[in-house]
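Colleague: Please read through the structure below; I'll follow up with questions.
The values are calculated or read from the model by the stated rules, or taken from the named source; none is laboratory data. Nothing here was measured: the structure is a model prediction, and the numbers come from that model. A quick note on method: Cβ atoms are made from the backbone with ideal geometry, for glycine too, and the neighbour counts reach across all protein chains shown.
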Amino acid sequence: MNWKFLLGLFIVLWVSTNSIGFAQNTTNQDSTAFWWIRRVTIECNHKTVDRIIFRELSIKAGDRVPKKDLDSLLVHESHKLMNTKLFVMAEVVPYPIKQDTIDLIISVIEKWYFYPVPIIDFADRNYNEWAAKGYNLDRLIYGVRLIQNNFRGRKETLKLYLQLGFTRVLDFEYNIPYINKDQTTGLTFQIGYANAKNINWGLKDAIVQSYKSENILEEKFNASIGITKRTSFYNNHSFSLKYSNSHISDTVVTLNPNYYQKGQTSQRYFQLRYRFEHNRRDNSGYPLKGNYIYAEAQQTGLLPSDDISVLKLEGIYAKFIPLSKKFYYSGSWRGQLTFPQLQPFNEMRGFGFNGSFVRGLDIYRVNGQHFAVWKNTLRFQLFSTIFNLKKILKIEQFNTLPMALYLKSYGDAGYVHSNFDYGSNIFTNQLLWGAGTGIDLVFYNSTVFRFEYSVNKRMEAGFFMNFQTDF
């Protein structure tokens with residue numbers, strides 16, 4: 001039954017979403033109402049090859065564009081370039097030649113693409129959960145993350161993680177976005193190993209319970225291969241196949257027999273995942289206008305010999321609306337269904353992961369088979385500016401600093417359904433809500449620092465800090 005539903009979902013999403021895209025109407029026969037584009041040139045792309053930039057544009061040399069649509073079209077083109085995450089700034093501007101003829105100039109400031117970044121992170125889901133555990137240094141993760149973005153100037157990504165601390169990880173990933181002439185198909189490869197002497201083994205009243213040992217408590221190996229398909233400027237599909245093999249000690253089984261389910265000390269499986277993304281946001285890092293659709297179907301356990309069989313269906317819809325020059329509204333809806341009802345603890349993903357929680361419940365993790373959350377945010381732009389740091393920093397990628405500050409208020413509601421007590425039944429099967437106010441500080445149009453004061457259904461109030469967007 002699960003396979004039929006999964007296959008049907010793949011077909012429906014693939015066929016229906018091909019019709020979603022950007023269309024430009026140029027049927028007006030009045031030639032005086034059009035600009036003729038003589039040439040399109042690119043400035044300041046020192047590393048990124050031209051075809052990667054041209055791939056994002058819906059207009060090219062020789063096109064005729066309605067004069068009334070030119071300004072809005074060029075804004076859309078600039079947004080698409082920014083959403084590649086290759087540039088600090090990207091702008092498409094017209095240059096008049098004569099009468100109804102123009103050139104288009106694409107001006108970009110490229111990001112710094114190689115990052116040997118020291119890792120100092122939390123084993124917990126966020127800063128607030130780590131603080132609630134008493135700022136325990138044993139729960140820190142440290143190491144180095146080597147990231148080469150825009151490898152060979154073709155938007156490829158190389159990642160190498162060397163991590164110590166709460167969990168020790170060695171992980172390599174290579175992402176090739178385009179392997180065909182039309183730049184529509186890509187490949188991803190990943191292989192990783194991890195072991196931990198600290199482990200989050202369960203929940204008590206929705207608070208994560210941990211255990212530390214001198215011996216290795218869990219060991220994991222995984223590898224995956226994926227294929228991506230970009231069917232339009234805004235639509236992306238991906239399929240991936242993953243193999244995972246992990247082991248836990250008898251101590252973990254004693255703490256939680258359902259960690260791998262039924263007292264097992266090993267867990268092996270193949271996993272098939274399909275994802276669809278429709279992205280019409282003006283800026284993926286911190287959107288203020290547009291919409292976003294995401295759908296995922298994932299079957300963990302493909303063979304009769306696999307130790308687990310779980311089907312997950314997830315969907316997201318988000319809308320971003322400018323209300324005036326300074327006020328902005330965003331609303332998002334996220335839901336997830338998983339089957340069967342009884343699942344191993346290590347695979348449960350309810351409230352508390354990747355933005356899927358009610359603000360005000362930041363320190364809690366609420367496990368369940370199904371959930372839904374509705375988020376609403378009203379923002380007021382206190383300021384938005386671009387700092388010129390050329391006198392201080394000589395590195396081009398850093399001497400132009402876009403920065404913005406937003407005051408916001410928000411209100412969220414959610415529900416987690418569970419037929420079993422996974423240690424968070426104080427929150428399951430009931431309406432949850434949270435509300436508050438805060439400040440968002442945004443650097444380089446993508447790096448976000450959120451400072452929030454929230455109150456939740458239990459009338460618990462507190463200050464929370466996060467480092468990602470809130471939808």
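Colleague: For region 350-404: of the residues being over 23 Å from Gly285 (Cα atoms) and basic (Lys, Arg), which is surrounded by the most Cβ atoms within 10 Å (Cβ to Cβ)?
Modeller: Arg365
Colleague: What's the number of the only condition in (1) among the basic types (Lys, Arg); (2) closer than 25 Å to Glu296 by Cβ; (3) touching a residue at least 40 places away in the same chain (Cβ under 8 Å) that Lys204 fails to meet?
Modeller: Result: Lys204 passes all but (2).
Colleague: Now, a different point. Among the residues of region 338-345, are any under 21 Å from Gln468 (Cα atoms) and either more than 17 Å from the chain's Cα centre (by Cα) or surrounded by fewer than 18 Cβ atoms within 10 Å (Cβ to Cβ) (or both)?
Modeller: no
Colleague: Pairs, please: C-beta under 9 Å, at least 6 apart or cross-chain, first residue closer than 13 Å to Asn150 by Cα and in region 37-53, second small (Gly, Ala, Ser) and part of a loop (DSSP other than H, G, I, E, B)?
Modeller: These pairs meet every condition: Asn45/Gly153; His46/Gly153; Lys47/Gly153; Thr48/Gly153; Val49/Gly153; Ile52/Gly153.
Colleague: Now for a separate question. Run down Tyr294, Tyr259 and say which single residue is among the aromatic types (Phe, Trp, Tyr) and surrounded by fewer than 18 Cβ atoms within 10 Å (Cβ to Cβ).
Modeller: Going through Tyr294, Tyr259 in turn, the sole match is Tyr294.
Colleague: Here is a list of conditions, (1) surrounded by fewer than 19 Cβ atoms within 10 Å (Cβ to Cβ); (2) of a type in the set (Val, Ile, Thr); (3) more than 30 Å from Phe443 (Cβ to Cβ), and Ile321 meets all of them except one; can you say which number that is?
Modeller: (3)
Colleague: In the set Leu217, Leu272, which member is of a type in the set (A, V, I, L, M, F, W, C) and closer than 21 Å to Thr185 by Cβ?
Modeller: Selected residue: Leu272, the only one of Leu217, Leu272 that is of a type in the set (A, V, I, L, M, F, W, C) and closer than 21 Å to Thr185 by Cβ.
Colleague: Restricting to strands (runs of 3 or more DSSP E) lying wholly in region 368-467: which have 2 or more residues that are modelled with pLDDT of 95 or more and hydroxyl-bearing (Ser, Thr, Tyr)?
Modeller: In region 368-467, the matching strands (runs of 3 or more DSSP E) lie at 400-417, 447-456.
Colleague: Would you confirm whether any residue within region 430-445 is of a type in the set (A, V, I, L, M), more than 24 Å from Phe371 (Cα to Cα) and crowded, with 19+ Cβ neighbours inside 10 Å?
Modeller: Yes: region 430-445 contains one or more residues that are of a type in the set (A, V, I, L, M), more than 24 Å from Phe371 (Cα to Cα) and crowded, with 19+ Cβ neighbours inside 10 Å.
Results for (1) within 17 Å of Pro177 (Cα to Cα); (2) of a type in the set (A, V, I, L, M); (3) not in a loop (DSSP other than H, G, I, E, B), shown as yes or no for each residue.
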| site | (1), (2), (3) |
| --- | --- |
| Ile52 | yes, yes, yes |
| Leu57 | yes, yes, no |
| Gly62 | no, no, no |
| Lys68 | no, no, yes |
| Thr84 | yes, no, no |
| Ala90 | no, yes, yes |
| Tyr95 | no, no, yes |
| Ser107 | no, no, yes |
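Colleague: Looking only at region 234-277, count how many residues are under 30 Å from Tyr178 (Cα atoms) and either among the charged types (D, E, K, R) or not in a strand (DSSP E or B) (or both).
Modeller: Total meeting the criteria: 5.
Colleague: Same structure again: Against the definition (more than 18 Å from Asn200 (Cβ to Cβ) and surrounded by fewer than 19 Cβ atoms within 10 Å (Cβ to Cβ)), how does Tyr243 come out, yes or no?
Modeller: Yes.
Colleague: Every residue in region 212-221 that is assigned to a strand (DSSP E or B) and either surrounded by fewer than 17 Cβ atoms within 10 Å (Cβ to Cβ) or not assigned by TED's automatic domain parsing to the domain that holds Val358 (or both), please.
Modeller: Here is the first cut: in region 212-221, the ones assigned to a strand (DSSP E or B) are 212, 218-221.
Scanning region 212-221 gives Lys212, Glu219, Phe221.
Colleague: Checking the structure you have, find out if any residue of region 453-464 is closer than 30 Å to Glu110 by Cα and β-branched (Val, Ile, Thr). Step through it out loud before you land on a result.
Modeller: Of the residues in region 453-464, the ones closer than 30 Å to Glu110 by Cα are none.
No, every residue in region 453-464 fails to be closer than 30 Å to Glu110 by Cα and β-branched (Val, Ile, Thr).
Colleague: Now, a different point. What is the one condition in (1) buried (at least 16 other Cβ atoms within 10 Å of the Cβ); (2) over 22 Å from the mean Cα position of the chain (by Cα); (3) not in a strand (DSSP E or B) that Trp201 does not satisfy?
Modeller: Checking Trp201 against (1) buried (at least 16 other Cβ atoms within 10 Å of the Cβ); (2) over 22 Å from the mean Cα position of the chain (by Cα); (3) not in a strand (DSSP E or B), the one that fails is (3).
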